[in-house]
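Structure first, then comments.
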Amino acid sequence: LAPRLGAGRPAERALRSPAGMLLVAVGFLLAVAAGGRGSPAGEQESPPGSRFVCTSLPLDATGAGCPLPPVPMQGGALPPEEELKAMVLQLRETVLQQKETIGSQRDAIRELTGKLSRCEGADGKSGGAWKNDVGKGKDTMGDLPRDPAQVIDQLSRTMQTLKDRLESLEHQLRANVSYAALPSDLREMLQRRLGDLERQLLSKVAELEDEKSLLHNETSAHRQKTETALNALLERVSELEKGNSAFKSPDEFKVSLPLRTNYLYGKIKKTLPELYAFTVCLWLRSSASPGIGTPFSYAVPGQANEIVLIEWGNNPIELLINDKVAQLPLFISDGKWHHICITWTTRDGMWEAFQDGEKLGTGENLAPWHPIKPGGVLILGQEQDTVGGRFDATQAFVGEMSQFNIWDRVLKAEDIMNIANCSINMPGNIIPWVDNNVDVFGGATKWPVETCEERLLDL
């Protein structure tokens, strides 16, 4: 066979390849089948027209009939037929191993291609594929606009690059496995590359998700702030619209409490939030004796005397905060309209008392560093021993009141003076004096009044 394949290194390379091995086997079969068609080396060619007759001989026979061509033996242990069978079986086993390896690699490539296709299909759509493949319970493609656009473009370009690399790798793999057996480490290299591609994809998804989360938080905060402002504005407008009752203006009315009983009172519908400072202003007219009683009281669970203004018996007017007491230098029991303002701050418990626009007293250490508790009940004309009840007739207010307003800050002295002089109208930002925010019980009544006009009549 050597002369047919050629001598030297080309013949060796041909014999090493699977195609060369198959060619050797086919040539060997042809040589056996041909028998004595070829002439042994060194003999002269037969003259034209000569005929030869070859007779089949056993393998172990000796003679000069039709000799078999020499066949290389591996170690001299197997006859040519067995050697040929072994070579054919070895070739068949090699082909089966190559088919199995190619099949497994195609499955891996097909699986990754499916993943990338789902990823591409989810881009710009509902986001379901991202949720299934990246992380359960995470909606990475929500209903919010996905800005900035650079992140989206970068993700699209990265996905297209990954797809191109995968297709190139698949073509390379097909070209390699078509002619030779796969290297032993090719599968590991492919798995490493696939792992790198998946990590890059997950990194881009995480980047997009972080950007979306940041935009969501900023949008939610802005939306909440806007909704809060709108709700406050709508509530104020509703109060003004609904408050247009029989009075000329929803705040031009007074509450009359003519008798000292434990069942005449008014109630503010709104409650107080947690306060670290406040200003309470109101108009009062009373000539009751001894003492005008309790113009207002605010009680919370666990503390009935959270905020109380009271003149009881022959005692001076007192301001109670968290059951702590400060005496105020106010004198309002002459039967005339008086404008009263009280300010307080939790910082050092500082307080101020104003009558008809003038500051008559100030002090400190009144329930310092104690915030006013929220969610209580605000009563006009009675002192509460429990939240909203257990009134004492001896502590009831007798007279009339109007323009009861509360702010969550300490008003400036000039603002208080302008309110008392009727030069400005400043409703309280926590408790405004409007008709639909005040209910009366037990025979207490509401009457239309313009306090500034009536005050001029008292002069």
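The values are calculated or read from the model by the stated rules, or taken from the named source; none is laboratory data. Quick caveat, the model's predicted, so the values are computed rather than measured. No Cβ is skipped: glycine too gets one built from the backbone with ideal geometry, and neighbour counts run over all protein chains shown. SASA here: full protein model, heavy atoms, side chains in, ligands and nucleic acids out. Shrake-Rupley method; radii C 1.70, N 1.55, O 1.52, S 1.80 Å.
Figures for the structure shown
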{"read-out": "So Val440, is it over 27 Å from Ser333 (Cβ atoms) and either open to solvent by 50 Å² or more (accessible area, probe 1.4 Å) or in the same structural domain as Val300 (by the TED database) (or both)", "value": "no"}
{"read-out": "Among the candidates Asp385, Asp348, residue that is of a type in the set (D, E, K, R) and either outside the structural domain of Leu309 (by the TED database) or closer than 24 Å to Ile292 by Cα (or both)", "value": "Asp385"}
{"read-out": "Some residue of region 221-232 being in the same structural domain as Thr343 (by the TED database) and either modelled with pLDDT under 80 or open to solvent by 60 Å² or more (accessible area, probe 1.4 Å) (or both)", "value": "no"}
{"read-out": "Answer residue from region 363-386, given it is β-branched (Val, Ile, Thr) and surrounded by 14 or more Cβ atoms within 10 Å (Cβ to Cβ) and is nearest to the chain's Cα centre (by Cα) among those", "value": "Ile372"}
{"read-out": "Failed item, numbered, when Asn405 is tested on (1) open to solvent by 40 Å² or more (accessible area, probe 1.4 Å); (2) modelled with pLDDT of 90 or more; (3) under 53 Å from the mean Cα position of the chain (by Cα)", "value": "(1)"}
{"read-out": "From Asp356, Asp348, Asp408, residue being touching a residue at least 12 places away in the same chain (Cβ under 8 Å) and touching a His at 6+ places or on another chain (Cβ under 6 Å)", "value": "Asp356"}
{"read-out": "Residue tally, condition crowded, with 19+ Cβ neighbours inside 10 Å and either within 52 Å of the chain's Cα centre (by Cα) or part of a loop (DSSP other than H, G, I, E, B) (or both), over region 328-338", "value": "5"}
{"read-out": "Every residue from region 278-294 that is open to solvent by less than 10 Å² (accessible area, probe 1.4 Å), touching a Ser or Thr at 6+ places or on another chain (Cβ under 9 Å) and of a type in the set (Ser, Thr, Tyr)", "value": "Thr279, Ser286"}
{"read-out": "Every residue from region 257-288 that is within 21 Å of Asn429 (Cβ to Cβ), touching a Lys or Arg at 6+ places or on another chain (Cβ under 9 Å) and part of a loop (DSSP other than H, G, I, E, B)", "value": "Leu272, Glu274, Tyr276"}
{"read-out": "Residue that is farthest from Ile268 (Cα to Cα), among those in region 420-439 that are over 48 Å from the mean Cα position of the chain (by Cα) and touching a residue at least 24 places away in the same chain (Cβ under 8 Å)", "value": "Asn421"}
{"read-out": "Condition met for Leu275 (open to solvent by less than 60 Å² (accessible area, probe 1.4 Å) and not β-branched (Val, Ile, Thr))", "value": "yes"}
{"read-out": "Residue in region 303-315 that is assigned to a loop (DSSP other than H, G, I, E, B) and of a type in the set (S, T, N, Q) present", "value": "yes"}
{"read-out": "Residue list for region 349-362, restricted to those being more than 52 Å from the chain's Cα centre (by Cα) and within 18 Å of Asp334 (Cα to Cα)", "value": "Gln355, Asp356, Gly357, Glu358, Leu360"}
{"read-out": "Tally, over region 387-402, of residues that are exposed (fewer than 14 other Cβ atoms within 10 Å of the Cβ), touching a Ser or Thr at 6+ places or on another chain (Cβ under 9 Å) and under 18 Å from Ile307 (Cα atoms)", "value": "0"}
{"read-out": "Residue that is nearest to Glu400 (Cα to Cα), among those in region 295-317 that are over 46 Å from the mean Cα position of the chain (by Cα) and open to solvent by less than 40 Å² (accessible area, probe 1.4 Å)", "value": "Pro295"}
